[in-house]
Every structure is written in structure tokens, then in C-alpha cells.
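The values are calculated or read from the model by the stated rules, or taken from the named source; none is laboratory data. What you see is a predicted model; the values in this text were computed from it and never measured. Because the Cβ atoms are built from the backbone with ideal geometry, glycine has one as well, and the counts that use them run over all protein chains shown. Just so you know, the surface numbers come from the protein's heavy atoms only, side chains and all, with ligands and any DNA or RNA stripped out. Shrake-Rupley method; radii C 1.70, N 1.55, O 1.52, S 1.80 Å.
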Amino acid sequence: APPPLASYEYPSLPITKDRRELISLIENNSVVIIRGATGSGKTTQLPQYILDHYNAKNASCNIVVTQPRKIGATSIARWVATQRKCTLGSLVGYQVGLEKMATEHTRLIYMTTGVLLQKLVSAKCLTEFSHIFVDEVHERTEEMDFLLLVLRKLLNSNSRYVKIILMSATINCRQFAEYFGTPIRGKMNPAYVFEVQGAPYAIEEFYLDDLHKLFPYRIDLHHPDDPHISAEIYNLAISLIQSFDESEAMKESGLTSSERGSVLVFLPGIHEISYMQEALAKLVHKRLQVYPLHSTVTLEEQNGVFLLPVPGYRKVILSTNIAESSVTVPDVKYVIDFCLARQLVCDQDTNYQCLRLTWASKTNCNQRRGRAGRVSKGYCYRLVTKEFWRSEIPDYMIPEMLLAPLATIMLKVKLLDMGDPRSVLSTALSPPNLADIVRTILQLKEMGALSVKSVGKDHNEDGELTFLGRVLAHLPVDLYLGKMIVLGHVFGCLDECLIIAASHSPKSFFAIPSMQQLDELYWGKENFIQIKRIREVAELYEDLKKRASQFNINVPDSSQPSDYTSTHRQKFILQVVIAGAFYPNYFVQGEMDEDLASRELSGFNPRTTLRSLPPFSFLYYKQLQSLFRLCGQVKAISFESSRAYVEFYRTSQDSGVLPEVSLALLLAQQRPSMELSVYHTEQIEKCAGNRHIIHMRYARVDVDFQSQSVSPVGVLSSTADPDKLPPNPLFVVNITEVVDVGHFWGFQADEASLEKQRHLTAEINKRTLHPVTVSLYPNLRCLAPYSEVAEPSLYYRAKILHIRGNTVEVFFLDFGNTANTACSSLRELPSDLLSHPFQAHEFQVCGMRPSAQSIILGDQWSSRARDRFRTLVNGNSFIVSLYSILHNVMRVELLINTETTNTSVADILVEDGHALKVEESFDSKQNNGVLMSLYKDMETGMYVPDATSSCWKDRKKEEKELIDDLLAHFSRNSQSCLTSAFPLKPQVHLNGPRSPHMINFHSLMSLSSRTVCIERDSINSLALNENPHYKHQRMLVARTVSVNSTGSTCILLRDTSLMPDIPGLPALVTMLFTPIMELRTNEERTCYTGALCGLGWNSQTQEGILPERDVELTFDVKFDVDDITKINALRVAINRLVCDGPCGTLHLGPDKIGHLQEECRDSLIRLFTDSPPREAVAPLYYEKRGKWNQVDPSVRMDIVESGGAKTRGVLYQLHPVTLLNT
């Protein structure tokens, strides 16, 4: 049975006196518009009047009240339930997103605008409710306007007896009244408007003109076209907050410290809130409790704004417009309004969205004003002049429907099935213009939500809803995420796609705590993760899974195999699915000048090194080491000119970019930038005494942290030191440790080298060895035991790789292999034994790279490729031919001695399909030239062993002594160096770190001339081009693309995914997922040179239908008719899993779906692993770029999908083929 209504005494609010009149008006009119001041009781009291009225006459009712935001719906429902002394979820409840606190007995439910809209579109009638209260109608969001449209349509068609009540404090009553007018005797009778007279307390307003007397700041007047907050205005607001203590003391002498009024400051966004919060935090002696209030703060801090402040403290809330209507804090006495807002706008050229800083409207500012004066007299301070307020602040905000993309609304229009989008949306309160409707229709066609097949002259204004479109309309996520879910179903990675979609839909579960007062689970607290948000993701995942299952899209019961190959295959398929979902947000890396980048790095390793800019070199090496310590263990720093190159120890066997380098590059984005405490130049020169020092200001100096040495670098130093080179470029190697395919450690196996090893081993093991006395740490050089089976252990030179409890993993410096041993078994390495050169060398096979098959089925190399390489080198000695030495790694051709000839291992791996032939890098080629020249000189007797003069050596020795003296002096006298002449150490900002190998991306779409920026939080914003000598394009996919908020010169990418480095991948992915494609050929029509991808062309104008989103591909690998046939076959396979009709998705059994999914997965892998591999070609750019209909109809062959009558609403049309001359 429903719970009995508790007897309830209404609070005394302005609306209370009008209770009977309002009940009568609502009962006797279909639509009533109510305007009343904030705090008058509209939202909380009026729905209760109706509830109690129906209860009194023993009649049933079902009342819904909408709120724009979740926090508003939940907090108001809680407040009403508390006032009525009933359990939340019984008589009074709420529903926001997935969270529902209501039962079948709930009679008054608060819900977000979006939840109600979804219910009404699905039901296509209003009769689930007796009364629909729409609150805060002045907000004019896209959802709000569409809800009003739906209410009006359904009210006039099939729900005539439902009562609709529109409410706001600042509504334009006439506009709404006319919109909901009813025809009576040929005339439109406007809806009834009721004004609630009075407000809880008076509110006094002030402008900059009034404040000038209090605070004599010099403030530049605002400009209407340049909305911003100057430092002076921030300072004024802070001074204003400080002045409230004095004004309260003067006006209300009896006020206790616990009754100080709270301050609500309206700021446009999180950055402005952070700036203000930091400034208030510096007011040490002011007792302020500051709370930020915006969508990304932790839930605890959101709830903190409702708590009473600590006695003696004043609560200050820094809020976005979330507190304008959704959140009511009762004890607010002062409102400070900067009169600014961030509004979602669309860039005219790109249709990309951005939040732009604009002046808030008078409607919004009056709504903010009403937040004060709930419990006592209120004060509102507007930080603009009276004249600016009167003449420049707009009366109303531009409705979002006129600014924001309409895609989600458009799908709801199609689901409503009440006419074409143009006709339906023309009945909106503020109808969007036709151009925006057309653009949205076209983007839905591009996405595949509407069919690209169209009939009639107005085909750009409507389209048939596809199977994908119907699914998207029912999923409560961004449309592109919805498409990813559907493609995930097609390619058998639905579960992963559901998780990704769920985790990208709610607000981030990473907390942005301002006061470090997290009260979540310990793990969440330690990692700044909001556990409640993770639970929301889990709930949304379950909800999406349930909604998808209604369309026969189900997560399979049996899990996928999780071996190495299957895991990487699945990862690749998922990456392609992500790319397909976010078509055409495709970007490729710009070309890099390899020669220039090499020179800029001065020969240092781009994978482990980066450039910084300390203004004075070697004296600050310890400070630099300390700055980079958070990133990783610094191996060496090299100073040259005004640059410093920082090199990290390699912590893994992975040959890619070190994580330490990425972390270091991230430091460059920190604000404030890194700083060094430096000495005055004159002070340093004075310390040198009479010695010449000016030439040392920008000297080349190397710091080696392993040997703790700081040494000047000789200008004639070279990587090609003959003493360290093998006597011949062709030599024998013993391979001791395989790191990866083509990457191994070994040592020279000629008799002279082996004799050196035997002598060194004997020398070590005849001595008395002592345990290591220092604490163990990675890279510590020591002696470690090793023994082959059934042989006694001997000690060898080693270094520590990893420490694991009581054991360590060590690397043997003369052999190249690794072993685990007890910490206690390690011995000190005598210093005289450290001087012998290490015998082990690191090798990489030159001239090859992983094939597409290897990349797809593994982490660069597949398990089959690894097994094959290990099998090939599973012997003792091999001949290698030295090509170059790069960063202490010998790049070699590895040869296997067969009965007839020496065979290259690279050739065998290429033949097996594991590898591709590739040119060596610029640095490697250069070094090869130096080495071959040196070997030639040594062979002909032309080489002079040491041409360095003794004078030069003496000079370097003097420089070394000078460096040591300066370091010792400043280390010893760090504080005493501060004198009256030099009282303080200057702080110098560092420029960097950065790397010349950082990737710049550009768009594949027609707007490619724009600068592309990746959001700073993304690891891809720090992506380095590891192989600039690879000339094929590499692709980046972005989930969201927007223009920056200050203008449209830069395109900002969020949620990016860097695709695998496979030649031809960008073209294959684009051709696979584009709606329509036209192939390009060379003049002789003997080969394809590229393709134009997009929505095709208008037959009347011959122009592109959506030209700004067309992609002009220029092939850098060879494609033929067979490739286009494979793409079409895969598109057919996709269509069979996403279509309507008798053979559509809804009618397929689990076994059939599984079979079709495996067919799609296999076809996709085959498409990318073409055998033999597609050959590289020089790009041939098409002359008429972006122009459609360039193919002669006589050589164009249209391809039609068979069995089309049994399926409809398919996702993809088949590409026509341009016939080539043989």
C-alpha cells in the first residue's frame, strides 16, 4: 500500500499566500507559467500543494518536476522529503541519469530535463504523469527547448488532460505564453501567466561605480568585444570579501562570529576559480572557508558548500553557473558577480564546438542575484559599471539550439516520427536555421545514423534512420561512443567498447581535490580517484549492456583467449574500431627534417635524451639532476653552448622511448616553469682568480653520474675510436642474451678477445673479495657469481639491474647475459679492475623493421617472429658485418653460415613475413660513412693514431682543474658566497625540456591548414617520432575535436589514440569507414594514386556535399583493384551485423552472430597483412584536390550488394571501382 501522507505545515514563503489561487489555475488550464523570485517557494512548495490537493479529494496524481542538473534534482528532492518527514524514495523521489530513488508509490519525483525527455520520446505521450513542472525554463538549453517542443506537440495530440507548469525567476513570460497559446475562435489565446509577488528578503545591488569610493583601484573599463577578468578586478573582488567583516561590524553590532553571511562568487570556469582560490589562500589572517563548486570537484567538496562554516569563519563559495539555479545555499548573504559565462558555440568554418567566454545575460545575472537574501537581507555586487550593464549586457542568452550541434536532438526527432526534422524543429521556441539542420543531417549521414541513399530534391534535409541510428538514439552516451559500441559488436570487442564508452561518459573519476580532504576509500584517496565515479561507470556499463541487448547486441558468455598473440590481435582490432567510430577525426604526423633534428640533438639518443636550457652550464648539474629525479635516474648530463642534454638510465629492455623521457617532457608544461638558483657571472669570474675563464661560460662539459666525474669535452672527440672498434668490420660474435627480434647482447669471439676475458676472470677470482659495503641500487657496478651447470661459481664484473627483496638481477658487463643471485653473494669491484674496457656489446640487426603481421600480433614483434629469431640464433658463434655504431649499440648485418653461403638473418625474417626491409636512419648512414672511411685508412696505412697535440691536452687538463676548483669552491661556500655585493642568488627560468623529435600532427580533412594541438593531459601530446627515417604516414585518431576558446586558429584534440605504425594504415582505415569514395589514378590510368573520401557531390552544383570534412588521400603504398574488393567485402560483412529487415540483426541467432563476427575479424586482419607486403610508392598528389566526379563513367564500375531486399538500414554502401589500363 502507498505510504500515508503525513500532515504537513507549509513554511511561510512568498508563494504560500497564493496557494489556493495557484491550485485553481493549474486545475483549470492546460499550461500555466509562473514567475517568482528565487526563494519564493516555486520549486519546493507548489508541487506539494498539488500533491496535497489531490490527496484531500482522494484522487491519484503523478507529479514530475524537472531540474537542469543532477545536483539540483537530488538536493531538492532530499530537502522536500526531509521537510515532509518521509523517506526519500517513498512519497518523494528523484531520478538522475542511472540513479533512481523512487518506487511505484512515489507521487512526486524530481528528475533532470534529459531523463524526462528520453521518457517522453520513447513513450510518444505524456500520460505517465498528471502534472509536469518544468523548472528554470529561462536556461534555454538545447534539451530544454526540445522538451518544450515535445510537450507542446504531445499536449495538442494525445495528452490533452496533462497539466504543464513552466517556472522561473527570470522568464520572458510573453514569449512562453504565446508559444503555448491555444486557438479559440480563430485567435491564439496565450497561456496563463501568474506572478508570485514578493521575495524572502530585499537584495541591494551595487556596481563598479558604487565600489570606486570604497576601493580606489585604477580599473580599465570593460570592452564589449573582449570579455575577460583583469588582475585589478580579481583584487577588487578579494578586497570586497575582506571588507564584509568591517561592514557587518558597523551595521550589525550584535552579530556573532558564527552568523557571518556566506559569500557566493560567480566565475566563468575552473581556471578562474583556481586563480581566485589561490589568491584567497594567501590571506593568512582572514578566517575564510573557501569551497570551489564546479562539475569536476570531488563529491565531498560539492556537498561541503551546504555545511555550516566553522564558528568564527566565513564561507566563500567560488562557483560556475552551477549555483545559478541548480544549487541553493540558504545562508548566502553576499553575491559577487563578474557577469561572465562560458557558452558552447560552434565555429562557423569547422562546426567544431568550443566553450567561449561571453558576457552573461541580464536574465542569468538576475538569477544569480536571487541566490542572496534567502535568510536575511542580501547584497549583490556586479563587477561592471551601471552604464555597461544597461547598454552592453544582453537581456537574454542566445538559446543553445541556435548555437550547439543538433545531432542528438535530430535522432530524437526521427524517433518521434512526427515529420521531417526541418518541419518539426521549425515549431521550436527559437527554431534553428535551415543551414544548421542541413549540416547536422549531413553529419548524421557521414556517421551512418541516417542512410546516405536518398531520394528527392530535399535529400540533404532528411534521411532514413539506419539500424545504427536507432541504436544511437537509445544509448545515453555521445553518438560517436555509441557508434564505437556498435562497431565493437561487429568486430567482437563489445565488452571493451562498453567499458570505454561508460568511462568516457560521466565526469572524470579522477578527482581534482582543492583541499586534499578526500574521505573515500584509502586506495581512491591515495590515487586521487573518486570511487563513487567508478561505481557510476560500472552502473553505466551495465545499463549500456542492457540497452544494447534490446537490439540483439550482446556480450558473449565465453571469454576470448588471453594468450600473447590473441591479446595483441584483440588490441589491434579495438584500435581499428575506435578509428571507425570517430571517422573522420583523422590526423597524420608531419614530415620531420631528419638531418636538422640530428644536428639539434648533437648526436645524443632521441629516445633517452632531451634538451633543456640552463643559462650557465656545469655548476648547476646537481640542481638539474634534482629537478629530473622525479622522472627517473639520470645517467649523464652533457652541456653544450646554452643547452643541457639529460640522459636517463634505461630501466627496461624495450627499445622505444623511455617513460622517463615522456615524464621529463611533461615538466615543460608545468606552470611555473622549472627554475635554477644561479650565481652571478662576475662572482664566478672573481672566484677563478687570475685564471682565464671567459671561454668556459658555454664550454662543452660532460657529467657522468656513474663515475661522479665532470670533464671538458675535446672538440676532436669522436664515436669512432679505433681502440674500441673490432679490428675488422667482419667479425665473430658469441650471442649470450636475446632482448628481442634483431636485438641481442654478445661479445667478440676472436682469440684475442677470448684471451682478454680469460685473463680478467682469472685476475678477479684469485683475489680476496669483500662484500659490498654500500646500500644496493640499480646500476651499481660490482662482482657477481655465475656458473654453468655442474661447474663451480666464478665471479665476474656486473651491474645491478633490479632489486627484488633479498635477490638481485645482475647484468654481466663482459658477457652480456643476466642472472638472478642473492644480495649477500655480491662483492665489491676493485677500482683497478674497473678501468678495463667492458667486453659485452649491444647489437641490433640493421636494415629491417617489423612487418604489419608482427605489429598486429605482438608488441612490435609477434611471438612467432620471436621464436623464429631465437631458433635462428640458437648456437654459439655468428659472423656479423658492422654497419654503424649508434649510442653505443652496434648495428650489424647478422649472417648465418650455411653449407654454400652466408645468409642474412634479416632476409630470412623478411621471407617468412615477420619483417620488412627498411633504410637506415640519417645518423646511422652518417656513422657508417665515418666507420668505413676509418677502416679503409687503417687498411691502407693512412690512419694517424693520435693527432691531438700535447698543447691541446694540456689545455683540457687546465680546464678540468678549473671546473673541479669552481665546483669545490661553490659547494664548500654555498651560503658564504652571498655577500653585500651579491646578496641573493638569482632565480633563472629554464626553457624546456623539449625534443626536436616531438611529433606535429595535421588533419587529413580539408581544414588541414589549421594548427593541431593535443590536450596537455594526454600522453600523445608528448609523442616522439622514434623513426623519422620511416617515410610513410602514421595516424592519430581523436574522439573529440574542438576549436580553442579564444578563437579558431588552433584545433584541439581530446581522447586521442595513436594507431600502429603500419605502412598504408591511414589510407586503409579511411577507405574502410568512409561513406563514399572516389579513386584517383595517374594520367595513364595504370595505377591508383589516392582517393577522395566523404559524402560525395551534389549532382546539380558538382560541389562536395560536406567539403570541409572530405579527406583527400594520397597513397604512399601501392593499392590495386584487389584491395578495393577486400574493403568492399568487409563492408558487406559489417552490414550483415548492423541492418534491419527479415535477415537483419534482430533476427540472428548467437551462433550466426559469432560466425559473422569471426568473418569480420579475419577479413580485417587479412586486409592489413597483405602478402607480399604492399610496396612503398612516392606520393603523387592529385591536381584537383577536393574535386568530386572526376572519373569517366565508362571506366567506373558500380558494385551492388547482393541480397539487398532482405536487409535495409545498412551502414555502408559499396565503393565503385575505377578500371585500370593493364
Just a yes or no: is a residue in the stretch 278-299 touching a helix residue (DSSP H, G or I) at 6+ places or on another chain (Cβ under 7 Å), assigned to a helix (DSSP H, G or I), at pLDDT below 85 and open to solvent by 10 Å² or more (accessible area, probe 1.4 Å)? yes
For the stretch 240-252, indicate whether the set of residues that are surrounded by 13 or more Cβ atoms within 10 Å (Cβ to Cβ), within 38 Å of the chain's Cα centre (by Cα), modelled with pLDDT of 85 or more and not polar (S, T, N, Q) is non-empty. yes
Counting only residues that are assigned to a helix (DSSP H, G or I) and free of Cβ contacts under 8 Å to residues at least 60 places away in the same chain, which one in the stretch 388-398 is least open to solvent (accessible area, probe 1.4 Å)? SER391
Residue under question is GLU27, and the condition is that it be over 27 Å from ASN364 (Cα atoms), among the acidic types (Asp, Glu) and part of a loop (DSSP other than H, G, I, E, B); does it hold? no
Report yes if LEU1053 is touching a residue at least 60 places away in the same chain (Cβ under 8 Å), part of a strand (DSSP E or B) and under 28 Å from GLU920 (Cα atoms), otherwise no. no
For the stretch 1056-1074, indicate whether the set of residues that are part of a loop (DSSP other than H, G, I, E, B) and small (Gly, Ala, Ser) is non-empty. yes
So which of GLN45, GLN67 ends up being at pLDDT 90 or above and either out of contact with any Pro (no Cβ under 9 Å at 6 or more places or on another chain) or open to solvent by 50 Å² or more (accessible area, probe 1.4 Å) (or both)? GLN67
Restricting to the stretch 1097-1116, what's the tally of residues that are touching a Leu at 6+ places or on another chain (Cβ under 9 Å) and either without any contact (Cβ under 8 Å) to a residue 60 or more places away in the chain or surrounded by 20 or more Cβ atoms within 10 Å (Cβ to Cβ) (or both)? 9
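Looking only at the stretch 656-688, count how many residues are in a loop (DSSP other than H, G, I, E, B), open to solvent by 50 Å² or more (accessible area, probe 1.4 Å) and over 21 Å from LYS622 (Cα atoms).
Number of matching residues: 1.
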Applying the selection to the stretch 7-24, what residues are buried (at least 17 other Cβ atoms within 10 Å of the Cβ), outside any loop (DSSP other than H, G, I, E, B) and in contact (Cβ under 8 Å) with a residue 40 or more places away in the chain? ASP18, LEU22
Are there any pairs, at least 6 apart or on different chains, whose C-beta atoms fall under 9 Å, with the first in the stretch 617-646 and farther than 19 Å from VAL713 by Cα and open to solvent by 50 Å² or more (accessible area, probe 1.4 Å) and the second among the β-branched types (Val, Ile, Thr) and in a loop (DSSP other than H, G, I, E, B), and if so, which? GLN623/VAL678; GLN633/THR651
In the set ILE803, ILE856, which member is hydrophobic (A, V, I, L, M, F, W, C) and open to solvent by 50 Å² or more (accessible area, probe 1.4 Å)? ILE803
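Residues of the stretch 745-761 being open to solvent by less than 60 Å² (accessible area, probe 1.4 Å) and part of a helix (DSSP H, G or I), which ones?
Matches in the stretch 745-761: SER753, LEU754, GLN757, LEU760, THR761.
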Name every residue in the stretch 1075-1094 that is part of a loop (DSSP other than H, G, I, E, B) and either in contact with a Ser or Thr (Cβ under 8 Å, 6 or more places away or on another chain) or β-branched (Val, Ile, Thr) (or both), in order of residue number. ASN1082, ARG1085, THR1086, CYS1087
On the given criteria, is TYR334 modelled with pLDDT under 90, over 23 Å from MET397 (Cα atoms) and of a type in the set (Phe, Trp, Tyr)? no
Flag for GLU1026 being surrounded by fewer than 21 Cβ atoms within 10 Å (Cβ to Cβ), at pLDDT 85 or above and over 20 Å from the mean Cα position of the chain (by Cα): no
Among the residues of the stretch 524-563, write down those that are crowded, with 17+ Cβ neighbours inside 10 Å, modelled with pLDDT of 90 or more and not in a helix (DSSP H, G or I). PHE551, ILE553
Filter the stretch 36-68 down to residues that are assigned to a loop (DSSP other than H, G, I, E, B) and among the aliphatic types (A, V, I, L, M) and give me whichever is nearest to the chain's Cα centre (by Cα). ALA37
Please specify each residue of the stretch 399-422 satisfying the condition of being open to solvent by 50 Å² or more (accessible area, probe 1.4 Å), touching an Asp or Glu at 6+ places or on another chain (Cβ under 9 Å) and touching a residue at least 60 places away in the same chain (Cβ under 8 Å). GLU400, THR408
Pairs only if they're at least six apart or on different chains, beta carbon under 6 angstrom, first in the stretch 52-63 and open to solvent by 40 Å² or more (accessible area, probe 1.4 Å), second assigned to a helix (DSSP H, G or I); list them, first residue then second. HIS53/ILE23
In this structure, does VAL490 turn out to be touching a strand residue (DSSP E or B) at 6+ places or on another chain (Cβ under 8 Å) and over 30 Å from ILE398 (Cα atoms)? no
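Residue by residue, here is whether (1) in contact with a Lys or Arg (Cβ under 6 Å, 6 or more places away or on another chain); (2) part of a helix (DSSP H, G or I); (3) closer than 30 Å to CYS1143 by Cα holds:
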| residue | (1), (2), (3) |
| --- | --- |
| ILE409 | no, yes, yes |
| LEU415 | no, yes, yes |
| GLY419 | no, no, yes |
| ARG422 | no, yes, no |
| PRO432 | no, no, no |
| ALA435 | no, yes, no |
| ARG470 | no, yes, yes |
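What do you reckon, is VAL774 open to solvent by less than 70 Å² (accessible area, probe 1.4 Å), out of contact with any Cys (no Cβ under 7 Å at 6 or more places or on another chain), among the aliphatic types (A, V, I, L, M) and not in a helix (DSSP H, G or I)?
In short, no.
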Would you pick out the residues in the stretch 743-797 that are within 48 Å of the chain's Cα centre (by Cα), among the aliphatic types (A, V, I, L, M) and farther than 30 Å from GLY656 by Cα? VAL772, VAL774
Could you please find all residues in the stretch 1136-1157 being closer than 17 Å to ARG1208 by Cα, open to solvent by 20 Å² or more (accessible area, probe 1.4 Å) and in a helix (DSSP H, G or I)? ARG1136, LEU1146, HIS1147
Being in a helix (DSSP H, G or I) and crowded, with 17+ Cβ neighbours inside 10 Å, is that true of even one residue in the stretch 1170-1186? no
Has the stretch 823-843 got any residue that is assigned to a strand (DSSP E or B), free of Cβ contacts under 8 Å to residues at least 60 places away in the same chain and hydroxyl-bearing (Ser, Thr, Tyr)? no
Criterion first (more than 27 Å from ASN1027 (Cα to Cα) and either under 28 Å from the mean Cα position of the chain (by Cα) or surrounded by 19 or more Cβ atoms within 10 Å (Cβ to Cβ) (or both)) does VAL701 satisfy it? yes
